[in-house]
Amino acid sequence: MLNAAGRWALQGSARSPLLAWPATEAPAAQAAAERASAARGCAVAVRAQADVDGVEASEIQRFGDAFEAALLGPAAHSEAKARRLRTEAEKLDAFCMIVRAASAAPDQQAFAQVGRAASKALQAKFGGGSITSAFAWLAGPAGQAALVSLLTGDIEPTGGLSIAQIVEAARLAREAEQLRENR
């Protein structure tokens, strides 16, 4: 869905709520989708959603003239924030790929191979790291903040993983870290 910052998001936040129109304003919503489609060069569709249970009021904002710019494209981040978000997205993608590969390893030998490859890749990209650090980062506050940034549209996946695959890898990392802590 489109958020108030003009980004596609799966969930809203107090800072960037999802934009919505009441059902009684369906023609206005369709007109907004047409303006967004023309400005963005891709089809933007209106979707009706009756079930909003569990969605906090701060996560949804009724569309008004003040949000017209969101239809045209995403709001620009400051250069420093854009750089931080780019790094966050790269780490999220790289660490999720490592967690997925490690979790899929059928035996200790395959796990060790994933570990060696991960260490080399993380050294080249981030100056160091391991399977353990990838799991810990994803399960920790920085990884969870990066996941929220992805879900709220501040960052987009940078590699070949879908949002669903990233969410699943983060879940695997949290479960593995909980098991490790309970040992």
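Summary table below
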| quantity | calculated |
| --- | --- |
| The stretch 2-134 - accessible surface per residue (Å², probe 1.4 Å) | 60 |
| Solution diffusion estimate, µm²/s, Stokes-Einstein, the stretch 1-157, Kirkwood Rh from C-alpha pairs, 10 °C, viscosity 1.306 mPa s | 89 |
| Quotient of Cα Rg and 2.2 N^0.38 Å for the stretch 1-46, N being how many residues it contains | 1.15 |
| Relative pair counts by distance (%), Cα atoms of the stretch 66-183, 5 Å bins | 2, 12, 20, 22, 18, 11, 6, 4, 3, 1, 1, 0 |
| The stretch 114-183 - Rg over Rh from alpha carbon coordinates, Kirkwood radius | 0.98 |
| Solvent-accessible area, 1.4 Å probe, carbon plus sulfur percent, for the stretch 42-183 | 55 |
| For the stretch 32-120: Kirkwood Rh in Å [reciprocal of mean 1/r, alpha carbons] | 17.7 |
| Proximal lysines relative to K81, as straight alpha-carbon distance under 25 Å, when same-chain residues fewer than 8 apart are discounted | K91, K125 |
| Mean Kyte hydropathy of -0.5 or more with a Cα span along the axis of at least 18 Å, helices from DSSP in the chain | 26-40, 79-104, 108-126, 163-181 |
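The values are calculated or read from the model by the stated rules, or taken from the named source; none is laboratory data. The shown structure was predicted, so the numbers you read here are calculated from the model rather than taken from an experiment. Heads up: the accessible areas ignore ligands, DNA and RNA and are worked out on the full protein's heavy atoms, side chains in. Shrake-Rupley method; radii C 1.70, N 1.55, O 1.52, S 1.80 Å.
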